[in-house]
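So the structure is just underneath, and the comments pick up after that.
Quick note: the coordinates plus some simple rules give every number you see, no bench work behind them. What you see is a predicted model, and the numbers here were worked out from it, not measured in a lab. Methodologically, a virtual Cβ is constructed for each residue, glycine included, from the backbone with ideal geometry; neighbour enumeration extends over all protein chains shown.
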Amino acid sequence: MDMNRYASEWLNAEDVSKTISEPTKIKILDEGTETEGKYGKKVAFSIDVNGVERMWTPNKTAVRAIIKKLETADTLEWVGKTINLVAVDTLIRGEMKPVVVVV
């Protein structure tokens, strides 16, 4: 089995612009799938990033930003919509790490 597809399936900070003036535009492809994660429930979305399908699990801050931008909390209404993302360095557990945020 060729695992290259799975190695790059999930969106990470390297896939996203680090420049707010030129953010990465993504298109939401589905209404999301809820799963149980290590820290509770999470929702994963299929997204299009520059013509490549990826999976993305937005954190609570990103979800709030999407709701505000799209003016709805109904993920079915998010399908087909585009949002902008950037990667910013954030202090996490005493270490600077790149995090994907909605702009």
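Is it possible to state the helix-based mean residue ellipticity at 222 nm for the chain, with each DSSP H run of 4+ residues giving -39500 (n - 2.57), the sum divided by total residues, to the nearest 500 deg cm²/dmol? What is it? Don't skip to the end; give the middle numbers.
Numbers: 2 runs with 15 residues, N = 103.
Taken over the chain, the calculation gives -4000 deg cm²/dmol.
Report the label-to-label distance for Val43 and Asp30 in nanometres (one decimal), using points 7 Å from each Cα along the Cα→Cβ vector.
That separation, rounded to one decimal, is 1.4 nm.
Please get the size of the charge dipole for the chain, origin at its Cα centre, with Cβ charges of +1 on Lys and Arg and -1 on Asp and Glu, quoted in debye to the nearest 20. Mind showing how you got there, number by number?
On the way: 15 positive and 16 negative charges, 82 e Å.
Result for the chain is approximately 400 debye, rounded to the nearest 20.
Test of understanding: what is the full-extension gain from Val103 to Val79, defined as 0.36 nm times their sequence separation minus their Cα-Cα distance?
Numbers: separation 24, 0.36 × 24 = 8.64 nm, distance 1.81 nm.
The Val103-Val79 span can extend by a further 6.8 nm.
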